[in-house]
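Inspection log for the structure reproduced underneath, given as structure tokens.
The values are calculated or read from the model by the stated rules, or taken from the named source; none is laboratory data. Computed from a prediction, not measured in an experiment: that's the story for all the values here. FYI the Cβ positions are ideal-geometry reconstructions off the backbone, even for glycines, and counts take in every protein chain you see. Remember, those area values only see protein heavy atoms, side chains included, never the ligands or the DNA or RNA. Shrake-Rupley method; radii C 1.70, N 1.55, O 1.52, S 1.80 Å.
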Amino acid sequence: MTIGGGSGRRHPPAFRLSENMNSRSTALPYLQVTPLAVVLILFFAVPVALVLVVSFFRYQMLVGIVPDFTLKNYADILTNQTNWRLYYSTLKFAVIVLAITGVLGFWISYFLVFHVRNLVTAIALFLVCTVPFWTSNIIRMISWRPVLGREGLINQALVGGGIIDQPIEWLLYSDFAVVVAYVHLYTLFMIVPIFNSMARIDKSLLEAAIDAGATRWGVIWNVVLPLSKTGLALGALFVVTLVMGDFSVVTVMSGGLSGSAASAIFNDLQFLNYPRAAANAVVLLVVVLLIASAIFRLVDVRKELVR
Amino acid sequence: MQALNSESGEIRLVNLTKKFGETVAVKDINLTIPHGSYCCLLGPSGCGKTTILRMIAGHETPSSGEIFIGENMVVGLPPVQRGTAMMFQSYALFPHLSIRDNVAFYLKMRGVAKEERRRQADEMLERVQLAHLRDRMPAQLSGGQQQRVALARSLITNPRVLLLDEPLSALDEFLRLQMRGELKALQNELGITFVHVTHTQPEAIALADMVVVMDNGRIDQAASAREIFNTPATPYVARFMGAQNVMTGTVQGMSNGVAFLKGAQGVSFEIAGKRDLKAGDTVSFAVRRDRIATHRRAKASGPQPVNAIVGRIDAIEYQGNFVKVSIDVPGLDSFVANVPDAEYFVEPIKPGDEVTASWNREQAHVLDEVDTGSSDPYAAS
């Protein structure tokens, strides 16, 4: 115990000071939160509310939007076979892409965090992962054509190597091509959050597991994977929302053969049927929110982020 | 509690070296830690003690040299096959597993059925008196409780060697002393070898059968705690243990086993019981702080006394059962006398006073190396 420590007398002036702070601080938090609140209200809450309102309006040919309260738009969407097919195909893509990017993201992050000892190398490799993002989305998609096309790199190599006689047709303008493009575009969104949660794992936990006789797989399965759950969940959230909301990749890479839930909205917009497009958007929003809440139910992201 | 593992837990390090790139962390070390002993590796941070521990554990591979545990050369073997268990400084409890599952982790890895491993884990938790917390998560436990869990998790592997990496450094003073006692009692009970890394001298002295003092990747002295404390081998050990004053002089002559020395400031020293010194040798010797008597300096009269140095008091620190008197002596890094408090208060001295500090010639202990004057920043005060 140091001599003259604060254990003895109290200091009344300090208390008075903190009371002053209290009376002023009641308004302060609100003031601090205002800028963000204004931005969110203007650019998020208001547009969503607008879409919700318009989705109940009536669409009249040649007239346009008529203010009304009708459930016809929703009924149209839910009874339309094509719509169901589009949602099914989009969900299918989401699941496939989620599985592939999840596996890729996990192993790439694992490699970067636990096998690259030098921090500079790790950061350099991490930047390499972002190289595709140095150019636009469209260019990245179009660049797949010379690779996957009928006369593309892969087909030429396979035919030239005498492995096949006829070029493979399904490489481009197919579901396969769509998945390839999605994986290419979205794997980074998986890597970043998984990398982040893995980087926070105490390395001595791995040693402790090895000390207890765990094999390399035992360590990954019992320690690394459970502690990367948050990253996987956040990555899954990114990938699912990106795939569910996409229509350009599907259109370009499938050559117009496949569609997505969002392309239905695009079609409605082309016919200036804003109410149905709005209703479709609301349905899509609800579906994505359901998936998101399912993910958050599996992993308590908030608890893990505080950790 | 019965001995967990009857196999020999003797550890032999032979010409052990570890390099990290250009840096040599451990330099050609030879050391034998007897079976069933409590060994403390003591040294400042960066001296290589943790690297040695990690090499014994199998978490670091030696650059060259061999490690034997019992009869087996263990370099290259995974930790479980070495019969070692490590307790990490941060405890390294799995944050996503309950206390019980943390302790049962080893059994799970061995494929023990759920019921059986729960039973064994509960038994082990009972031993460390934490059975009532078995369903908690590690983050819900206090530091001391986390440490007990880490201990239980190590012991369930039935090791013949328990390796502890600064196990007490994260605890507050009260818990540290309590855990220190418990570790010692546990080691007595189990009879297995404990290797304990620490940078705290009192901890090493209180616990260890064998203290290994390290500096810069080398072992300066490996001996019993009493030997290290009383008869340090080198000026470094004397300073690091903190209870000694190191002085240097040149031998003038010998007579009946008493060496007569001349110090740098013209002070005369006598050292008894050391026969192998020759005139002309420069030697360093150490005198324990609590063997030194201080007196307010009388007006200079008569011949300069032997084994007495004159200085000005720098600081006085009351330590309860003794008073630490720091004396500023020209030509010496530091000179401290620990005066029993009863003695001190008979004739209190104040900072600024001139004093004479003296000791009996039997109290001087000759060191193996000549002091190069490198003052150690970690020297305990």
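Simple rule: put +1 on each Lys or Arg Cβ and -1 on each Asp or Glu Cβ in the protein assembly as shown, find the dipole, and look at A:G102, A:V159, A:V252; the Cα lying farthest toward the positive end is A:V252.
Using a 10 Å cut-off around each Cβ of peptide A:211-221, what is the average number of partner chain Cβ atoms that fall inside? Each step should come with its number before you reach the end.
Details: counts 20, 18, 11, 8, 2, 0, 0, 3, 1, 0, 0.
Average per residue, whole number: 6.
Which one, B:A25, B:A121, B:A113, has the greatest fluctuation when you compute a Gaussian network model over chain B with C-alpha springs under 10 angstrom? So, out of B:A25, B:A121, B:A113, the one fluctuating most is B:A113.
Placing unit charges on the Cβ atoms only, positive for Lys and Arg and negative for Asp and Glu, gives the range B:172-216 a dipole magnitude near 60 debye about its Cα centre.
Between the Cα long axis of helix B:99-109 and the first principal axis of chain B there is an angle of about 70°, rounded to the nearest 10.
Considering only protein heavy atoms and a probe of 1.4 Å, how much of the accessible area of chain B is carbon and sulfur, as a whole percent? All intermediate terms of the calculation are to be shown ahead of the outcome.
Numbers: 7980 of 17160 Å².
Solvent-exposed carbon and sulfur of chain B make up 47 percent of the total.
Using only protein heavy atoms and a 1.4 Å probe, how much accessible area in total is buried between B and A, to the nearest 100 Å²? That pair of chains buries around 1500 Å² in total.
Residues in the protein assembly as shown average 52 Å² of solvent-accessible surface per residue, probe 1.4 Å, ligands and nucleic acids excluded.
Suppose only helical runs count, i.e. DSSP H with n ≥ 4. What mean residue ellipticity at 222 nm does that imply for chain A under -39500 (n - 2.57) per run, divided by all residues and rounded to the nearest 500 deg cm²/dmol?
Numbers: 17 runs with 204 residues, N = 307.
Taking each H run of at least 4 residues, the total per residue is -20500 deg cm²/dmol.
In this calculation the C-beta distance from A:V46 to B:M137 is compared with R0 = 51 Å, giving a FRET efficiency of 0.75.
Estimated purely from DSSP H runs of n ≥ 4, each contributing -39500 (n - 2.57), the mean residue ellipticity at 222 nm for chain B is -7000 deg cm²/dmol once divided by its residues.
Burial annotation for the range B:49-79: residues with an accessible-area loss of at least 20 Å² between the isolated chain and the complete set of protein chains, computed on heavy atoms with a 1.4 Å probe, are B:R54, B:H59, B:P79.
Please compute the contact order of chain A in relative form: average sequence separation of alpha-carbon pairs under 8 Å and at least six residues apart, divided by the residue count, as a percent.
Working: 305 pairs, mean separation 75.8, N = 307.
After rounding, I find 25 percent.
A simple packing score, the average count of other Cβ atoms within 10 Å per residue, orders the peptides A:85-96, A:229-240 as A:229-240, A:85-96, with the highest score first.
Computed over neighbours whose Cβ is under 12 Å from that of B:N307, the net charge equals 0, Lys and Arg +1, Asp and Glu -1.
Between beta-carbons, use under 11 Å as the cut-off and find the net charge around B:N72, counting Lys and Arg +1, Asp and Glu -1. Could you put the intermediate results ahead of the total?
Working: positive: B:R12, B:R82, B:R160; negative: B:E7, B:E10, B:E66, B:E71.
Value of the local net charge: -1.
Axis angle, to the nearest 10 degrees, between helix B:173-190 and the longest C-alpha principal axis of chain B: 70 degrees.
Around A:L112, with a cut-off of 15 angstrom between Cβ atoms, what is the net charge of the other residues, counting Lys and Arg +1 and Asp and Glu -1?
Numbers: positive: A:R117, A:R200, A:K203; negative: none.
Counting the neighbours of A:L112, the net charge comes to +3.
Couplings for the range A:234-251, taken from phi via the Karplus curve 6.51 cos²θ - 1.76 cosθ + 1.60 with θ = phi - 60°, read 5, x, 4, 4, 4, 5, 4, 5, 5, 5, 5, x, 8, 9, 6, 4, 4, 5 Hz in order; Gly and Pro are left as x. On the protein heavy atoms, probe 1.4 angstrom, tell me the percent of accessible surface of the range A:116-264 carried by carbon and sulfur. Roughly 70 percent of what the probe reaches on the range A:116-264 is carbon or sulfur. In terms of packing, defined here as the mean over residues of other Cβ atoms within 10 angstrom, the peptides A:261-268, A:43-50, A:104-111 line up highest first as A:261-268, A:104-111, A:43-50.
On full extension of the chain, what length is gained from A:L289 through A:L125, given 0.36 nm per residue of separation minus the C-alpha to C-alpha distance?
Details: separation 164, 0.36 × 164 = 59.04 nm, distance 3.38 nm.
Using 0.36 nm per residue and subtracting the Cα-Cα distance, I get 55.7 nm.
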